[in-house]
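Trainee: This structure is in structure tokens; I'll ask about it shortly.
What follows is calculated from the coordinates using simple rules that are stated; it is not laboratory data. Keep in mind that this is a model prediction, so the values were computed, not measured. For neighbour counting, all protein chains shown are included, and Cβ atoms are generated from backbone atoms with ideal geometry for every residue, glycine included.
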Amino acid sequence: MSTAERRATVLVIGAGQAGLSAGYHLKRRGFASALTDPAAARTFVVLDAEAGAGGAWRHRWESLRMATVNGIFDLPGFPRPPIDPAETSRAAVPRYFEDFEKATEPPILRPVNVTAVTRADADPHGDLLVESDAGRWRVRAVVNATGTWNNPVLPRYPGQETFLGRQLHTRDYVSADELAGSRVAVVGGGISAIQQLEEISRTATTYWYTRREPVFLDAEFRPEEEGRRTIERVRADVEAGNVTGSVVSYTGLIWTSYALAAKERGALARRPMFTAVEPRGVREADGSFTPLDAILWATGFKAALRHLDPLGLRNARGGITMRGTRVAAEPRVHLIGFGPSQSTVGANRAGRDAVRELAGATFAGAR
Ligand SMILES: Cc1cc2nc3c(=O)[nH]c(=O)nc-3n(C[C@H](O)[C@H](O)[C@H](O)COP(=O)(O)OP(=O)(O)OC[C@H]3O[C@@H](n4cnc5c(N)ncnc54)[C@H](O)[C@@H]3O)c2cc1C
């Protein structure tokens, strides 16, 4: 591992859909590889924590098939080949990303984990320093594309640490087989919670807990129109510096085939959150006790941005005020796959938009 400081004009953190899109557009706009052409006027490099291509798709649970994902948008300029709907997304998507990387050859270093981004000095147009477990980079701008998978939300409930059964997060879930025959609490009101509840309820006794009464859309979801409206609402929130909620908190729940299957099986009989966890189960809101063998915390994810903490980007409410993909208070940092661009199509567009701005920025010219 090199300890010498290296230089690039733009450094992209993460090589999921968002980071690959940024890399694709940087190359198209004439940024050279900081690895093979470090003396070029404008260079870039991508640092990715994974051992191979695929971003977070490498880790999706085994039973999340291509038929049950919400719909994956192609990487820029690279149509997906036909994929068997029964194939696991964790195999099919990384293979497609790998083919994309072979075809477009972005300068990716992996596995490299970025640990901190700091300002080199007080000059607001000066360099940023990117610290990683493979050394330091001195750069003019950072495009952060680190997704959410590495930042699972794990709520705290009294007595949680005393539970004698198994506790797992969506991140740890593999398939319903491992929970067959047991009594399982599924906590959470999002898409993953319902998908996993549906699967687990086929072979286990499940109890579904959510903080709020889940709201299912009565009418059919019109992805074009309602998707656009949702994105605008999320965009307004991040531009106002608000902390954003889950997708479902904006859209409501959709009667997908798996939600309907869960309903038919009686698995959607929602309970209010339990008040405490005890060694052998949970204490219900009404004071009764429910014995359990496992608790699945399907409680979602938040943007994985801890390495940006030294920059102090958050406001008093904990949000980051954005202007498009750029952080309002720190124009050298772009966040993509964040807020309104937290989807495969959003990640593509955000990568393009961030690079369009960076290519036009004066600091992009000189290193
Ligand atoms: C369970 C689940 C299912 C989803 N299904 C869909 C779907 O069907 N359709 C859809 O459009 N969207 C879906 N999404 C949303 C999805 O997150 C986005 O669509 C998109 O894939 C995210 O791409 P990304 O590049 O932002 O992040 P990721 O794919 O998470 O990539 C981030 C990359 O950054 C790397 N990284 C993170 N931290 C660091 C660090 N400090 N240093 C270096 N590298 C780092 C990671 O290792 C990873 O390679 C789903 C999300 C979840 C959680």
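Trainee: Just want the ordering: 102, 302, 27, from fewest to most Cβ atoms lying within 10 Å of their own Cβ.
Mentor: Going from sparsest to densest Cβ surroundings: 102, 302, 27.
Trainee: May I ask you to order 77-85, 183-191 by the average number of other C-beta atoms within 10 Å around their residues, highest value first?
Mentor: Those peptides, ordered most packed to least, come out 183-191, 77-85.
Trainee: In addition: Where does helix 17-28 land angle-wise versus the long Cα axis of the chain, in degrees 0 to 90, nearest 10?
Mentor: 20 degrees
Trainee: Where a Cα-Cα gap under 29 Å defines reach, which lysines qualify for residue 263, not counting those fewer than 8 residues away within the same chain?
Mentor: List returned: 302.
Trainee: Next up: Within 11 Å, Cβ to Cβ, of residue 150, how many net charges do the neighbouring residues add up to if Lys/Arg are +1 and Asp/Glu are -1?
Mentor: +2
Trainee: Taking neighbour Cβ counts within 10 Å as the exposure measure, how do 74, 237 sort from fewest upward?
Mentor: Sorted ascending by nearby Cβ count, the order is 74, 237.
Trainee: Something else about it: If you line up the long axis of helix 89-104 against the longest principal axis of the chain, both from Cα atoms, how many degrees apart are they, to the nearest 10?
Mentor: For 89-104 against the chain, the angle is about 10 degrees.
Trainee: Oh, and also: How big is region 67-214 by the Kirkwood estimate over distinct Cα pairs, in Å?
Mentor: Hydrodynamic radius (Kirkwood, Cα pairs) of region 67-214 is 19.7 Å.
Trainee: Can I ask one more? Say a paramagnetic label sat at a point 7 Å from the Cα of residue 160, along Cα to Cβ; which residues of region 291-320 have their backbone N under 12 Å from it?
Mentor: Counting backbone N atoms under 12 Å from the label point, the list is 296-300.
Trainee: Also, I was wondering about something else. Between residue 302 and residue 265, what FRET efficiency comes out of the Förster formula 1/(1 + (r/R0)^6) with R0 = 35 Å and r the beta carbon distance, rounded to 0.05?
Mentor: 0.70
Trainee: Residue 98: net charge of surrounding residues, Cβ under 15 Å, Lys/Arg +1, Asp/Glu -1, itself excluded?
Mentor: -1
Trainee: Just rank 89, 288, 175, fewest to most, by other beta-carbon atoms within 10 angstrom.
Mentor: 288, 175, 89
Trainee: Using per-residue counts of other Cβ atoms within 10 Å, averaged over each peptide, order 255-266, 341-352 from highest down.
Mentor: Taking the mean over residues of other Cβ atoms within 10 Å, the ranking is 341-352, 255-266.
Trainee: For region 1-116, give the magnitude of the charge dipole about the Cα centre (Cβ charges: +1 Lys/Arg, -1 Asp/Glu; no others), in debye to the nearest 20.
Mentor: In total the dipole reaches around 260 debye.
Trainee: Compute the acute angle (0 to 90°) between the alpha-carbon long axis of helix 344-360 and the principal axis of greatest extent of the alpha-carbon atoms of the chain; round to the nearest 10°.
Mentor: 20 degrees
Trainee: Next up: How much net charge surrounds residue 265 when only the other residues with a Cβ under 13 Å from the Cβ of residue 265 are counted, with Lys and Arg +1 and Asp and Glu -1?
Mentor: Its environment carries a net charge of -1.
Trainee: Something else about it: Taking the simple approach of a point 7 Å from Cα along Cα-to-Cβ for both residue 131 and residue 328, what is their distance in nm?
Mentor: 2.9 nm
Trainee: Which translational diffusion coefficient, to the nearest whole µm²/s, is obtained for the chain from the Stokes-Einstein equation, given a Kirkwood hydrodynamic radius over C-alpha pairs, 37 °C and 0.692 mPa s?
Mentor: It diffuses with D of about 150 µm²/s by this estimate.
Trainee: Let me ask something else. Rank by packing, highest mean first: peptides 48-61, 316-329, with packing defined as the count of other Cβ atoms within 10 Å averaged across residues.
Mentor: Descending mean neighbour count gives 48-61, 316-329.
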